[in-house]
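Visitor: Sharing a structure with you now.
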Amino acid sequence: MMKKKRGFSLFLALVLALEFLIVLPRAERAEAALTSSDFLKTDGKFIKNNSGSGDVVTLRGTNFGGWLNFEDWMSPAGEFAFDRTGWIASASINSSNAGNAIDGDQATSWKTATAQTNGQWFQVNMGYTGYFNRIYVNAAGFTGEYPVSYQVLVSNDGTNWRDVATGSGTVQNTVIRFMPQVAQYIRVVQTGSSSSNRWSVAEFNVFSDPTMNNTSLKATASSTGAGTTAANALDGDVNTRWTSGAAQTNGQWFQMDLGSGQDISKVIIDAGPSSAGDYPRSYEVLGSADGINWTKYASAYGNSRITVAEFWWSSYMRYVRIAQTGSSSSWWSIADVSLFSNNALERTGWSVSASSSGSGMTPGNVKDGNASTRWTTGAAQSNGQWFQADMGASIPFNQIILDTEKNSTSEQDYPAGYTVQVSKDGTNWTTAASGQGRRKATPINFPAVTARYIKITQTGTSANWWSIGEMNVYLNNDDLSMNSTYKQRFGAAAAEDIVTTHQDTWIQTGDLDNVENMGLNMIRLPIGWNELLHEDGTWKANAWTKIDWLVSEAASRNIYVLLDLHTLPGGNCPFASCGRSGPNPNEFWTNTTYQDWVVDIWEKIANRYKNNPAIAGYDLMNEPLIDYGEDTDDVNQKVDFYDRMYDAVRAIDADHTIYIAAFFDWGNIVPPSVKGWTNVVYEVHPYDMPNGKDWNAQNTLAEDKIQSMAVKQKDWDVPVLLGEYSLYHYDDVWSKWMGGLNAIHANWTNWTYKVKGDMNEGVGGYWGLYNSNSAPVPVINNDSASTITSKLQQFATSNFQPNTSFINTVKKFAKGDPWLATVPLDQTGWTASASSTEPGSSPSNALDWSASTRWSAGAPQANGQWFQVDMGSKKVFDQISFETKSTEKWDYPRGYDIQVSNDGTNWTTVKSGKGFGWKQAITFTPQYAQYVRVIQTGTSPDWWSIAEFHIYNEQMLSKSGWTATASSSDPSGNVASRGIDGSGSTWWASGAGQTNGQYYQVDFGRAETFNRVLIDAGTHTTDYPRGYQIQVSADASTWTTIASGTGSSPSVLVDFAPQTARYLKVVQTGNASNWWTIAELNVYGELERNRTGWIASASSTESGSSAANALDGNTANRWSSGAAQADGQSFTVDMRSNQWINHIVMDSSTSTNDYAREFVVEMSYDNTNWKTVANGEGTGPIVAVNFPITEGRYIKITLKHSSASWWSISEFRVYE
């Protein structure tokens, strides 16, 4: 999975009850349950079974991310804290046991042994001055023994203390953030009391999150109290402050000029120890590039001394403004502000020096943010030259990157050899790493250290000078850093055991069952290179254990596995998702040894799995990226290595499909013809992460990528795989996306199966089919092996929350079911009301089909506010949508309950959740009701407003031409036809008590596509069927049962998989003394478009035939091409006006062999500019093509394959 920034429904109830038993994978080679007829190869733009000569197989699946490789945002890779070696812990009580809190064992603890009382304290002396801004006070398994309330003090000498944070504990692991501090001592003081719980600290850890240095920032404010200045808020001293000098009022502001544009992702504001109650009662954080045009990035209530404002995504700005939106008699005070930028350690204040410098090329150039300036030795490289940095205080880190300007002579000025030494005092040095530099960028990785000083010493010789354009230092939580630290701390065997514990927990047999139950037919398996190789490139004895197990388990469920080498040694992209965060280019691209290892890996994989039909193919590299702005040389280098791997695999395995990544996009790779590649699939990973909370952006991404896939299928004649993607919380966009991919036979695997992030977070939610596991992750460099193991065992899927809506959507499209259009209901006669309304506004504005008007609550969002619609009569629906005006995107509900009612008094909640962005569609199980109400369950200083509110359902089929029959009817005249006459005041009745076998049957007159039936007894409230089966038939002779159930109310609403049939029968399976009555039977699905006035044309027409014959409703005549099918033949329909459609049917009738062999379906507004909506291969005289609902006037079907048969269409039908 790509992170663009560095560091960047019924079965569900059963799932919750499943026990996920730990499986000991079998070590023997997997034997596929799939047979040779299931072997996949490509045929043009399709993947087909039977080695490419059989049926089209569209691969639809998920990724098992985080299993055989770690990503810290997704799986419990853990994080790094300050090294605690040499620390001394003490406490006000039981000080002799204080060391238990820093021993790495969460099963031991320091504890007060008595009830919590004000004044108790726990303290550490780190033995050195560190730079830190976050601590963990973790009670671990000592339930309830977290601090009731606390104060955090820091000191440089253990005598003079600074108050840096106050707050209350509420969970076992109390996470405390504060302004960056430089100190040696940390003390946590208990400020509350508890008669029932002791205070226990099982583990105490200290962290340093990268933040900007405020030294060069300039501050201004709307007003300033006497004796204070705005600059006080940037001086790093919590004992000085800026204050407003007056009571808090809406409109006050505090502003910072960063001096230049920076990416900002979070702002922390400290009101200060002397004015802890002067926090903003409510606020907005805005950013601007020019100080004139502002964008809002955060909005919330303040509720304590320290306010954390987290942005959705890192955003570029020069100016940051904190605006007061609340009011209080208290003044507004800011003692300090902290801004979070990129993941590199802040370099302002560093002192740098070197053994020598070239003229004008001073050491300070390495930290000026400009790679085109540089420090250089000014002489040829020689042993003993050095470069040193003093960071001002000790801080943990595990990577140094030495970078130079791209495409300059400096690219060759890398160190021929180096050693990296670190020190806390500048006197006592420890070697952290040694190695050889790399062209352009040298990433130096090592197990995490805590130090203040860094010295890089030249150990080689070269005629080139030694140059550094930029030097950055990082603390990465990536796969490489985790593994290397575990091996250093515990040894290779114990480190392997830790990883195995994670693997045996993260994915188990129950997870394979879940994938099977969703109807998915493929798992993309991301594999870390270090799952196979040791760090020296030698092979592990158990390299194949997990992979073989998964292949075997998947194959037994008829699920293919795509082997994805997700991480490569050295990192083949700069993201942590490639296993190692790094520069452009990361080391894989400059290290030929690593490249040789990868070729060897693929040769071994090809040799092991050749001829295995359970393997979908070989995904050679995940997201290969040499540079954010790859140029021609970069692309050529990447393509050449792809070609090398391709040749290595093909020399061993001539048959398995090879997957080639187009990353970032198609311009970063070449067509297969350039290198002569065959039997290949191209893979893309479309993401728009910065705009994750913007429905429009995600919808545009989905539409654009479907089109670009279709174009490449056509132009390059290759299949495509959408290997990773996320469309966030937009169920309707997900449906359009997967329906669109199915329509063009594009293969897909969502990223990913599970993530630990919360359902409502950007890194949780729809990133996983299962999400929301908040269990603490390992502290990689401090936790004991047993503590790490214990933490990892909390991440079985049974401890995650199933994303029910997402799973249901995936299940629907995994089966390849037709995409049935959900459309807004007619709002004529509807009325809207609300709990409150802004003066001059009206609830009816939300129903006027104008996004420029709105309803607004006229007050900040508060739990219990509501907006309600009366539709005038009962309707069937399964979705609502609401959106704000485009200028008021923060007015979405922070939380909601969706309720329905038949009388406006008695309500049923059908969906609950949190709002996600300014425009959102909420799906739920189908309802039949008159009233819909949205209740606000969140709070926000922003008002709640709705510019547009809509309610949706599938189209109700027209009953024109239908005939109804029944097993019996009421002798008084309530015959079967009355159940479909469109009048709720008439009805059909059985005329006798309900008995098993009674039926009610409808003949639609022709085949219809549908998936929902309403059986409404009307005013005969007790005459509903006590039990029922829904059956369908093509000929009224052979019937298939598609649904069954028990009636419990006057209206029985039944959903099932989409069906195409002419006949529908409802069979009574219950018994009751009541008659069985149907006032109205409604069927929902696709509504056929009226073809009156339409014009058809074709590229050629048989003599005596006419294209218009395909539109005349007469299956006895036809249009025919009059010649054998050939690539480029076309049939076009002008619908005479723009219309929304999602389904076409080409019926060859009695010309049973004249169906389209391979085709593309396109739509256009103007008959000039065309949009591909579907492609496929016909297999019989009726060719049905389904795709996401699309608007256009013209429909064109173009043949892409030849056949000796003519192409004939007796009837061409179009549906919405």
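Visitor: Under a Cβ-Cβ cut-off of 10 Å, what is the net charge of the residues other than Asp897 that fall near it, where Lys and Arg count +1 and Asp and Glu count -1?
Guide: Local charge sum for Asp897: +2.
Visitor: Still on this structure, please answer the following. Take the alpha carbon atoms of the stretch 829-956, find their radius of gyration, then divide it by 2.2 N^0.38 Å using N residues; give the quotient. Please report the intermediate quantities before stating the final value.
Guide: Values: Rg = 13.4 Å, N = 128, 2.2 N^0.38 = 13.9 Å.
Compared with the compact-globule rule of thumb, the stretch 829-956 sits at 0.96.
Visitor: Gap in Å between the Cα centre of the stretch 163-177 and the Cα centre of the stretch 432-502?
Guide: The stretch 432-502 and the stretch 163-177 have Cα centres spaced 33 Å from each other.
Visitor: Sticking with this one: At 7 Å along the Cα-to-beta-carbon direction for both Thr431 and Asp390, put a label point, then send me their distance in nm to one decimal.
Guide: 2.6 nm
Visitor: With only alpha-carbon atoms counted, please give the Rg and Dmax of the stretch 377-511, in Å.
Guide: In Å, with Rg to one decimal and Dmax whole: 17.9, 63.
Visitor: Now for a separate question. Starting from the Cα of Asp870, step 7 Å toward the Cβ, then list every residue of the stretch 919-959 with an amide N under 11 Å from that point.
Guide: 931
Visitor: Please report the net charge: other residues with Cβ closer than 9 Å to the Cβ of Ala648, K and R +1, D and E -1.
Guide: Values: positive: Arg644, Arg650; negative: Asp600, Glu603, Asp647.
Net local charge, Ala648 excluded: -1.
Visitor: Quick one: putting +1 on the C-beta of Lys and Arg, -1 on the C-beta of Asp and Glu, what dipole do you get for the stretch 351-476 around its Cα centre, in Debye to the nearest 20? Let's see the in-between values first.
Guide: On the way: 9 positive and 8 negative charges, 32 e Å.
In total the dipole reaches around 160 debye.
Visitor: At a Cα cut-off below 19 Å, give the lysines reachable from Lys424, other chains included and same-chain residues fewer than 8 away excluded.
Guide: Counting by Cα, and skipping residues close in sequence, Lys424 has these lysines nearby: Lys455.
Visitor: Which value, in Å to one decimal place, does the Kirkwood hydrodynamic radius take for the stretch 516-670 when every pair of different Cα atoms is included?
Guide: Value: 16.0 Å, from the Cα pair sum.
Visitor: If packing is taken as the average number of other Cβ atoms within 10 Å across a peptide's residues, how do 167-176, 689-698 rank, most packed first? Each step should come with its number before you reach the end.
Guide: Details: 167-176: 16.6, 689-698: 19.1.
Averaged packing, sorted descending, gives the order 689-698, 167-176.
Visitor: Counting other Cβ atoms within 10 Å of each Cβ, which chymotrypsin sites (Phe, Trp or Tyr not before Pro) in the stretch 828-915 have at most 12 and sit in a DSSP loop? Spell out each step's value before the answer.
Guide: Working: sites: Trp830, Trp849, Trp855, Trp866, Phe867, Phe877, Phe882, Trp890, Tyr896, Trp907; in loops: Trp830, Trp849, Trp890, Trp907.
Listed in order of number, the matching sites are Trp849.
Visitor: Let me ask something else about it. Of Thr220, Gln248, Tyr931, which is farthest towards the positive pole of the chain's charge dipole, taken about the Cα centre with +1 and -1 on the beta-carbons of Lys, Arg and Asp, Glu respectively?
Guide: Result: Gln248.
Visitor: So for the chain: antiparallel DSSP bridges make up what percent, rounded to the nearest 5?
Guide: About 90 percent, rounded to the nearest 5.
Visitor: On to the next question. Please report, in debye to the nearest 20, how large the charge dipole of the chain is about its Cα centre when each Lys and Arg carries +1 at its beta carbon and each Asp and Glu carries -1 there. List each step's numbers first, then the result.
Guide: Working: 87 positive and 118 negative charges, 252 e Å.
Using Cβ point charges on Lys, Arg, Asp and Glu, the chain gives about 1200 debye.
Visitor: At q = 0.14, 0.22 Å⁻¹, what is the base-10 log of I(q)/I(0) for the stretch 1107-1184 according to the Debye formula with one equal point scatterer per Cα and no solvent? Please give it to two decimals.
Guide: -0.50, -1.28
Visitor: Here's a follow-up. What is the set of long-range amide H partners of Gln252 at a cut-off below 5 Å, with H atoms built 1.01 Å from backbone N?
Guide: Gln324
Visitor: Another question, if that's okay. Take every Cα-Cα distance within the stretch 803-848, group them into 5 Å bins from 0 onward, and report for each bin the whole-number percent of pairs it holds.
Guide: 4, 14, 16, 11, 9, 10, 16, 12, 5, 2, 0
Visitor: Which of rounded, prolate, oblate describes the stretch 646-687, given a ≥ b ≥ c as roots of the alpha-carbon gyration tensor eigenvalues and a/c under 1.5 marking rounded, otherwise prolate only if a/b is larger than b/c?
Guide: The shape class here is prolate.
Visitor: What number, in nm² with one decimal, is the all-direction average of the projected area of the convex hull of the alpha-carbon atoms of the stretch 963-1085? Present the calculation step by step, with values, prior to reporting the outcome.
Guide: On the way: hull surface 25.9 nm².
Averaged projected hull area, Cα only: 6.5 nm².
Visitor: Taking N as the number of residues in the chain, what value does Rg over Cα atoms divided by 2.2 N^0.38 Å take?
Guide: The value comes to 1.02.
Visitor: To continue, here is another question. Whole angstrom only: what separates the Cα centroid of the stretch 73-127 from the Cα centroid of the stretch 722-793?
Guide: Taking the Cα centre of the stretch 722-793 as reference, the centre of the stretch 73-127 is 33 Å away.
Visitor: Going down the list Lys705/Lys736; Lys812/Lys1196; Lys736/Lys815; Lys712/Lys815, which pairs span over 18 Å between their C-alpha atoms? Mind showing how you got there, number by number?
Guide: Values: Lys705/Lys736 12 Å; Lys812/Lys1196 28 Å; Lys736/Lys815 15 Å; Lys712/Lys815 25 Å.
In this structure, Lys812/Lys1196; Lys712/Lys815 exceed 18 Å between Cα atoms.
Visitor: Below 10 angstrom from the Cβ of Lys959, what's the summed charge of the other residues (Lys, Arg +1; Asp, Glu -1)?
Guide: Values: positive: none; negative: Asp981, Glu1080.
After counting each charged neighbour, the total is -2.
Visitor: Also: For the stretch 1077-1095 and the stretch 258-281, write down the distance between their C-alpha centroids in whole Å.
Guide: What the calculation gives is 60 Å, centre to centre.
Visitor: Over the C-alpha atoms of the stretch 175-291, what are the Rg and the largest Cα-to-Cα span, Dmax, in Å?
Guide: 17.2, 55
Visitor: Would you calculate a helix-derived [θ] at 222 nm for the chain, using -39,500 (n - 2.57) for each DSSP H run of n ≥ 4 and dividing by the full residue count, to the nearest 500? Could you put the intermediate results ahead of the total?
Guide: Numbers: 13 runs with 153 residues, N = 1216.
Taken over the chain, the calculation gives -4000 deg cm²/dmol.
Visitor: Too long at a 30 Å Cα-Cα cut-off: which of Lys296/Lys875; Lys675/Lys1200; Lys296/Lys440?
Guide: Violating the 30 Å limit, Cα to Cα: Lys296/Lys875; Lys296/Lys440.
No lab work stands behind these numbers, since they all come straight from the coordinates. What you see is a predicted model, and the numbers here were worked out from it, not measured in a lab. Here Cβ is always computed from backbone atoms with ideal geometry, including for glycine, and neighbour counts include all displayed protein chains.
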